[in-house]
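A.B. asks: Right, I'll just put the structure down here and ask away after.
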Amino acid sequence: EAGVAQSPRYKIIEKRQSVAFWCNPISGHATLYWYQQILGQGPKLLIQFQNNGVVDDSQLPKDRFSAERLKGVDSTLKIQPAKLEDSAVYLCASSWTVKASSGNTIYFGEGSWLTVV
Amino acid sequence: AQSVTQLDSQVPVFEEAPVELRCNYSSSVSVYLFWYVQYPNQGLQLLLKYLSGSTLVKGINGFEAEFNKSQTSFHLRKPSVHISDTAEYFCAVTLTGGGNKLTFGTGTQLKVEL
């Protein structure tokens, strides 16, 4: 079974530029998550989708971050304009969750490493 | 809101020695608990999880953890570590019925030395 796919793996941009990350979850997984992991910290949830609807985006900096999952499968996370503090690993993850139940295993991709200079 | 504390940022240990990585959580309601491992330049991989039932949970790679409700802890243990266990370990919590949103600790770097 293929895992969660992410691209690009690495990206270096200048501040105020834009960047987009793409994620393809495990086939059949209804729930998709984007996490931000700053060096030396644990991952922090940015946004959670259930199919093509947003379940939780309370920690997404909406003035510069946006995310979509238009067809309920793959997803794109965009940052515009980027700031130095956005340097982090952006982890996409997915799970089988059908309703708002919890405890289902969340599977993570290898991450997209962003450096803002 | 729930939170997770991993008091040890780094744990050095010699190969074949036992190890315990500590995790404490805070929540006013019932939780599910997880341990994830992150190898260099890779994503997170689930080691084990506690949902209900037996408080001793066995996971992959010989790891186990024990849920202690009275002490709000979920410590990870392995009786004999290997060089290949060198990695970052994250404890995480989610509320039961809470929509599967994980809150992670800050991680513990396990360094296994010869």
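A.B. asks: Per residue of the stretch B:12-29, what does 6.51 cos²θ - 1.76 cosθ + 1.60 with θ = phi - 60° give for ³J(HN,Hα)? Whole Hz please, x for Gly and Pro, Karplus curve as stated.
C.D. replies: x, 8, 7, 4, 6, 7, x, 9, 10, 10, 8, 9, 10, 10, 10, 6, 8, 10
A.B. asks: What's the ranking of B:20-30, A:103-113, A:20-30, B:1-11 by average number of surrounding C-beta atoms within 10 Å, highest first?
C.D. replies: Put in order of decreasing packing, that is A:103-113, A:20-30, B:20-30, B:1-11.
A.B. asks: Let me ask you something else. Evaluate E = 1/(1 + (r/R0)^6) for A:Lys71 and B:Phe14, where r is the Cβ-Cβ distance and R0 equals 45 Å; express this FRET efficiency to the nearest 0.05.
C.D. replies: Working: r = 51 Å, r/R0 = 1.14.
The computed FRET efficiency comes out at 0.30.
A.B. asks: Peptide B:38-45: average number of partner chain Cβ atoms within 10 Å per residue?
C.D. replies: Details: counts 7, 0, 0, 6, 4, 15, 12, 3.
Mean shielding by partner chains, rounded to a whole number: 6.
A.B. asks: Within 10 Å of each Cβ in peptide A:6-19, how many partner chain Cβ atoms are there on average? Round it to a whole number, please. Could the numbers behind the result be given before it?
C.D. replies: Values: counts 1, 0, 0, 1, 1, 0, 0, 0, 0, 0, 0, 0, 0, 0.
Mean partner-chain Cβ count within 10 Å for A:6-19: 0.
A.B. asks: In whole percent, what relative contact order does chain B give with Cα contacts below 8 Å and a gap of six or more residues?
C.D. replies: On the way: 282 pairs, mean separation 42.6, N = 114.
In percent, rounded to a whole number, it is 37.
A.B. asks: Looking only at trypsin sites (Lys or Arg not before Pro) in DSSP loops with at most 15 other Cβ atoms within 10 Å, what is the longest site-free stretch of chain A? Could the numbers behind the result be given before it?
C.D. replies: Working: sites that count: A:Arg9, A:Lys15, A:Arg16, A:Lys62, A:Arg64, A:Lys71, A:Lys83, A:Lys99.
No qualifying site falls inside A:17-61, the longest such stretch.
A.B. asks: State the percentage of accessible surface on the protein assembly as shown attributable to carbon and sulfur atoms; use a 1.4 Å probe and exclude ligands, DNA and RNA.
C.D. replies: Details: 5700 of 11210 Å².
C and S fraction of accessible area: 51 percent.
A.B. asks: Next question, about the same structure. Using a Cα-Cα cut-off of under 20 Å, which lysines could be cross-linked to B:Lys78, ignoring same-chain neighbours fewer than 8 residues away?
C.D. replies: B:Lys49, B:Lys58, B:Lys111
A.B. asks: Also, I was wondering about something else. Report the trypsin sites (Lys or Arg not before Pro) located in the stretch B:64-105 that are in a DSSP loop and have at most 11 other Cβ atoms inside 10 Å of their Cβ, or state none. Before the final figure, lay out each step's value.
C.D. replies: Values: sites: B:Lys69, B:Arg77, B:Lys101; in loops: B:Lys69, B:Lys101.
In loop regions of the stretch B:64-105 (DSSP not H, G, I, E or B), the sparsely surrounded trypsin sites (Lys or Arg not before Pro) are B:Lys69.
A.B. asks: Could you run the numbers on buried accessible area between A and B, total for both chains, 1.4 angstrom probe, in Å² to the nearest 100? Intermediate results must be reported in sequence, preceding the final value.
C.D. replies: On the way: alone 6690 and 6300 Å², together 11210 Å².
Separately minus together, A and B give about 1800 Å² buried.
A.B. asks: To the nearest whole number, what is the average tally of beta carbon atoms from other chains within 10 Å of the beta carbons of peptide A:42-54?
C.D. replies: Values: counts 15, 10, 3, 4, 0, 0, 4, 0, 2, 0, 0, 0, 0.
Per residue, the average neighbour count from other chains is 3.
A.B. asks: Using the Karplus curve 6.51 cos²θ - 1.76 cosθ + 1.60 with θ = phi - 60°, work out ³J(HN,Hα) for each residue of the stretch A:30-42 in order, rounded to whole Hz, and write x for Gly and Pro.
C.D. replies: 7, 9, 10, 10, 10, 10, 10, 10, 7, 3, x, 10, x
A.B. asks: Starting from a Cα-only point model with no solvent, please compute log10 I(q)/I(0) by Debye for chain B at q = 0.23 1/Å.
C.D. replies: -1.35
A.B. asks: Now for a separate question. Where the centre of each part is set by its Cα atoms, how far does the stretch A:18-45 sit from the stretch B:1-56, in angstrom?
C.D. replies: Here the answer is 20 Å between Cα centres.
A.B. asks: Would you mind checking the radius of gyration and Dmax of the protein assembly as shown based on alpha-carbon positions, in Å?
C.D. replies: 17.6, 51
The values are calculated or read from the model by the stated rules, or taken from the named source; none is laboratory data. Bear in mind the structure is a predicted one, so any value in this text is a computation, not a measurement. So basically every Cβ, Gly included, is an ideal-geometry build from the backbone, and we count neighbours across all protein chains shown. These area figures cover heavy atoms from the full protein model, side chains too; ligands, DNA and RNA do not enter into them. Shrake-Rupley method; radii C 1.70, N 1.55, O 1.52, S 1.80 Å.
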